[in-house]
Ligand SMILES: *Cc1c(COP(=O)(O)O)cnc(C)c1O
């Protein structure tokens, strides 16, 4: 079945008792046993497994074409579980440019437990090969990446990882299963912050790990979910499942508008540089054309001339865009990345990151035009 059909139907069934078409929210933490002591529904206690979570996991596994999906209470909880499924002393390769929280989980939290971490420019396969060690067990891909939308070739990196006896995991949050299918390209594991496009409405935190196979590694991720306990609530799972049917439509509309916004910015004299994989000027454009389909995503970054003070003035002058962090939601956001708490030092001071929402692209372009003219 096509992704659009799966997005509507996966994880959903009409309730046999009430014939309710929309799923119920089942907040129960505990489930009654039968007279013989067995668990007839298959549920025991909600940290281990729960109806809304199971439905969400089935749907997300179907959308990514995976054998198993494991849902968490945030993207970072999913990332933590994924790294924690490795062994002490294992080595991982992270992209030079990754979501900041991913880097911090690896370097501030798990390095203390013996995780070895190297960074490499994933656009340069020789550079990746150079940092590999005999104990490399995972190469982490993030594509397109935060915040300058670098594109990494998932198929090539997966091949490199497998030749080295390592897994390839892909943070596909910016692309969503609509635009990119890392498992089909050779990755072993996909991670999403479902807080972003999958939730899509700035009202739920969540994360997921999806495996091509339900093997020992994924079972350790599952163990981290069940025993570590960073599980999403019934309502969170219900909200996320509620958002899935519109995901393909939202992401395609956001991608189309993002391309128009990127083209507008590229032609603007106050803009020094635009980062969008859909522009032929983007260094990752050819790879993005190969491995993404139906669009290049709703995230656009650009640098204004004049540095941080001008960038902050543009963000403040925007009226339709909200100056706030996060992404993937129905409302458009603009963010000055260099001034976020704990910002990595290599973010260009004049960089603004846009998350394109579902407003009319003409209104978004008009808003950026007036904000850039004021600044
Ligand atoms: C937001 C984000 C995360 C972390 O997810 P949370 O839900 O905030 O914990 C990881 N990767 C990317 C690319 C993100 O945008």
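Quick look at the numbers
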| read-out | value |
| --- | --- |
| Exclusive hit being within 27 Å of residue 246 (Cα to Cα), more than 16 Å from the ligand (Cβ to nearest atom) and either in contact (Cβ under 8 Å) with a residue 60 or more places away in the chain or assigned to a helix (DSSP H, G or I) (or both), set 160, 183, 227 | 183 |
| Count of residues meeting criterion [in contact (Cβ under 8 Å) with a residue 60 or more places away in the chain and crowded, with 22+ Cβ neighbours inside 10 Å] in the range 100-123 | 1 |
| Count of the range 242-276 residues which are within 19 Å of residue 151 (Cβ to Cβ), touching a residue at least 24 places away in the same chain (Cβ under 8 Å) and touching a strand residue (DSSP E or B) at 6+ places or on another chain (Cβ under 7 Å) | 8 |
| Search result, residues across the range 186-215 that are assigned to a loop (DSSP other than H, G, I, E, B), within 9 Å of the ligand (Cβ to nearest atom), farther than 21 Å from residue 295 by Cβ and touching a strand residue (DSSP E or B) at 6+ places or on another chain (Cβ under 8 Å) | 206 |
| Residue count for the range 281-329, restricted to those that are without any contact (Cβ under 8 Å) to a residue 60 or more places away in the chain and within 16 Å of the ligand (Cβ to nearest atom) | 2 |
| Number of positions in the range 186-222 that are touching a residue at least 60 places away in the same chain (Cβ under 8 Å) and within 18 Å of residue 66 (Cα to Cα) | 20 |
| Residue 255 being at pLDDT 95 or above, at negative phi, within 19 Å of the chain's Cα centre (by Cα) and not in a loop (DSSP other than H, G, I, E, B) | yes |
| Residue selected from the range 163-180 under the condition in a loop (DSSP other than H, G, I, E, B) and more than 9 Å from the ligand (Cβ to nearest atom), by the criterion surrounded by the most Cβ atoms within 10 Å (Cβ to Cβ) | 175 |
| Top-ranked residue in the range 267-279 [being touching a helix residue (DSSP H, G or I) at 6+ places or on another chain (Cβ under 8 Å) and not in a strand (DSSP E or B); ranked as farthest from residue 256 (Cα to Cα)] | 270 |
| Some residue of the range 194-214 being within 23 Å of residue 137 (Cα to Cα) and surrounded by fewer than 18 Cβ atoms within 10 Å (Cβ to Cβ) | yes |
| Test result for residue 234, surrounded by fewer than 23 Cβ atoms within 10 Å (Cβ to Cβ), more than 16 Å from the ligand (Cβ to nearest atom), free of Cβ contacts under 8 Å to residues at least 24 places away in the same chain and more than 12 Å from the chain's Cα centre (by Cα) | no |
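The values are calculated or read from the model by the stated rules, or taken from the named source; none is laboratory data. Just so it is clear, the structure is predicted and the values come from calculations on it, not from any experiment. In this analysis, Cβ positions are derived from the backbone assuming ideal geometry, glycine residues included, and neighbour counts consider all displayed protein chains.
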